[in-house]
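A short worksheet on the structure shown next.
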Amino acid sequence: MRSRQRMFAAVMRLLLKCLRLGRRRRFRLLRQVEQLWHYGHLCLRSLLYNSFTNGDVVLDSLFEPVYWLVDHVTRWFGVVFVALVIGLTSSIVAIVYICLLPLILQTYTPAWICWHLAYGHWNLIMIVFHYYMAITTSPGHPPQAKSDLTGVSICRKCIAPKPARTHHCSICNRCVLKMDHHCPWLNNCVGHYNHRYFFSFCLFMTMGCIYCSISGWDMFRDAYAAIERMKLLEKERLQVAANQTYYQTPPPTFTFRQRAFHKSVVYLWVLCSSVALALGALTLWHAALITRGETSIERHINRKERQRLQKKGKVSIAHGTGAGWGRARRDVPLPVLQAFRNPYSYGSWDNWKVFLGVDVPRHWLTRVLLPSPHLPHGTGLSWDLPPCVTEQRAPLLAI
């Protein structure tokens, strides 16, 4: 009996020991899983932590696949866009020479004929010259080797020196000096050396489209009314032909040349008016940027920097003005806050002179109103005071 009790007690002790060992192993496994979870969570937060992270950064990250697709489509379709610009412009010029010019020579007075011939050909020469220079001129790229420039950073994608106002183009896969944007209609970046050509092309193309739209308004109305009259007469002719018996189809009321003439006039006016509205808005936007001495990218950067400094109380909220006296205590003035300004702005008038390369008054004729391949001020690597700027600006608070 005692031997059985001892055996039963030994078995129970062994069973309890196994249960205790299993419980320890189970608790140890749970502790290991919990430690791995906390370690992974800490690693993820350390990798994704950024003090500058906000809603815009998250939105840009979500749209990164869309940006990648747009970059590759723009890269491969740049040649198609350039061919489209050349084709549409050539069609408008052909319609003007074939359809409108003979009509102008027959109906207009000699003074108006001279005006149309002079202005039309001058505008056409300026468009062709600036578009050719914009697509063939390199925007400028920083040197890949080490340089002695002060205050340069390193591009994270090129791993090369990145001077001030230089940005990386994801489509060209290179850094561009004073980059404004990548234009698919040029199949080229708009940068330091071809920014003036791009803006001049937009300006003269807009002027040419407005000129064609205004001067061809009466012709467009007559052509549109003629086309509507053609449709009505064609409908009546078909109704008469359906009620009668003919061995052959009756001849058309209007000839092919008349139809082509009226449809070409309508096509010219609609295309020129549409381009004038779209390209005119883009030209006004870039004119505002030039007036402020900014590029499209710098406009975005300066706005973000202004908002950041305003939150810290380092710059005034109102543009161009500083803060006044404090109202918390009447006898203690608050420090006057400096207005945020673009450090590369020399004033509205001087910004235009620097952008267009106007050093002396005669340059307004030889470099602005006539085709000129002159280079912009500076090399795009450093931004010293241009010679056309009359006075040095006071130090400004900016990035």
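The values are calculated or read from the model by the stated rules, or taken from the named source; none is laboratory data. Quick caveat, the model's predicted, so the values are computed rather than measured. Using ideal geometry, Cβ is built from the backbone for each residue, glycine included, and neighbour counts are taken over all protein chains shown. Heads up: the accessible areas ignore ligands, DNA and RNA and are worked out on the full protein's heavy atoms, side chains in. Shrake-Rupley method; radii C 1.70, N 1.55, O 1.52, S 1.80 Å.
Residues checked against (1) in contact with an Asp or Glu (Cβ under 9 Å, 6 or more places away or on another chain); (2) part of a loop (DSSP other than H, G, I, E, B); (3) in contact (Cβ under 8 Å) with a residue 24 or more places away in the chain; (4) surrounded by fewer than 16 Cβ atoms within 10 Å (Cβ to Cβ):
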{"residue": "W349", "(1), (2), (3), (4)": "no, no, no, yes"}
{"residue": "W352", "(1), (2), (3), (4)": "no, no, yes, no"}
{"residue": "F355", "(1), (2), (3), (4)": "no, no, yes, no"}
{"residue": "D359", "(1), (2), (3), (4)": "no, yes, yes, yes"}
{"residue": "H374", "(1), (2), (3), (4)": "no, yes, no, yes"}
{"residue": "L381", "(1), (2), (3), (4)": "no, yes, yes, no"}
Seminar exercise, completed: For Q248, the lone unmet condition from (1) open to solvent by 30 Å² or more (accessible area, probe 1.4 Å); (2) of a type in the set (S, T, N, Q); (3) at pLDDT 90 or above is (3)
For this session: Determine if segment 220-234 includes at least one residue that is at pLDDT 90 or above and on the phi > 0 side of the Ramachandran plot.
Result: no
Problem set entry | Hits in segment 135-153 - residues which are closer than 21 Å to E298 by Cα and modelled with pLDDT of 85 or more | S138, P139, G140, H141, P142
Exercise. Scanning for something polar (S, T, N, Q), in a loop (DSSP other than H, G, I, E, B) and open to solvent by 30 Å² or more (accessible area, probe 1.4 Å), does segment 168-183 turn up at least one residue?
Worked result: yes
